[in-house]
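Structure first, commentary second.
The values are calculated or read from the model by the stated rules, or taken from the named source; none is laboratory data. Just so it is clear, the structure is predicted and the values come from calculations on it, not from any experiment. Positions of Cβ are backbone-derived with ideal geometry, glycine not excepted, and every protein chain shown enters the neighbour counts.
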Amino acid sequence: MSKRILVVDDSSMMRKMLTKVLVGKGGHTIIGEAKNGNEALAMYKALKPDLITMDITMEGMDGLSAAKQILDYDNRALILMLSNLDKEKYSGDIAKIGVIGFVNKHKAQEILDVINAH
């Protein structure tokens, strides 16, 4: 089932790559793009996406803080954390937040598998 997705990443190149995977391979719709956590929170409230892909490290508000605030606002929000960083370093924080998962940004099929499972 196609989802309306908000893509959050500070890299415009990464947002384009994710859009290509999510739309081209996954058949999903990108309803917005944010480059930091502050934009993500505002866009979530305005657009009500079905799912958010969220980078962890960003200037201003990082992805972990943004995910916490979004889930405080709407505990049914579906957030998939994406990063190139060491999963072990963030696994404890990620588990506490209540997001649907953590995937390496460059593992397109794994990203789609997690999204399609929700």
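Here are some notes:
- Top-ranked residue in the range 71-93 [being part of a helix (DSSP H, G or I) and at pLDDT 95 or above; ranked as surrounded by the most Cβ atoms within 10 Å (Cβ to Cβ)]: LEU71
- Hey, LEU64 aliphatic (A, V, I, L, M), at negative phi, surrounded by 16 or more Cβ atoms within 10 Å (Cβ to Cβ) and at pLDDT 95 or above or not: no
- Some residue of the range 60-81 being touching a residue at least 60 places away in the same chain (Cβ under 8 Å) and within 18 Å of SER11 (Cβ to Cβ): no
- Members of the range 3-17 found to be crowded, with 16+ Cβ neighbours inside 10 Å and either closer than 17 Å to HIS106 by Cβ or of a type in the set (Phe, Trp, Tyr) (or both), listed by number: VAL7, VAL8, ASP9, ASP10, MET14, ARG15, MET17
- Criterion (of a type in the set (Lys, Arg), in contact with an Asp or Glu (Cβ under 9 Å, 6 or more places away or on another chain) and surrounded by fewer than 19 Cβ atoms within 10 Å (Cβ to Cβ)) met by exactly one of LYS20, LYS25, LYS96, LYS48: LYS48
- Scanning the range 1-44 for residues that are of a type in the set (Lys, Arg) and without any contact (Cβ under 8 Å) to a residue 40 or more places away in the chain yields ARG15, LYS16, LYS20, LYS35.
- For the range 29-44, the count of residues that are at pLDDT 95 or above, over 21 Å from ILE115 (Cβ atoms) and surrounded by fewer than 16 Cβ atoms within 10 Å (Cβ to Cβ) is at least one.
- Scoring THR57 on the criteria (1) buried (at least 16 other Cβ atoms within 10 Å of the Cβ); (2) of a type outside the set (Lys, Arg); (3) under 13 Å from the mean Cα position of the chain (by Cα) leaves a single failure, condition (1).
- Residue selection: MET54 satisfies the criterion of being within 17 Å of ALA108 (Cβ to Cβ) and part of a strand (DSSP E or B).
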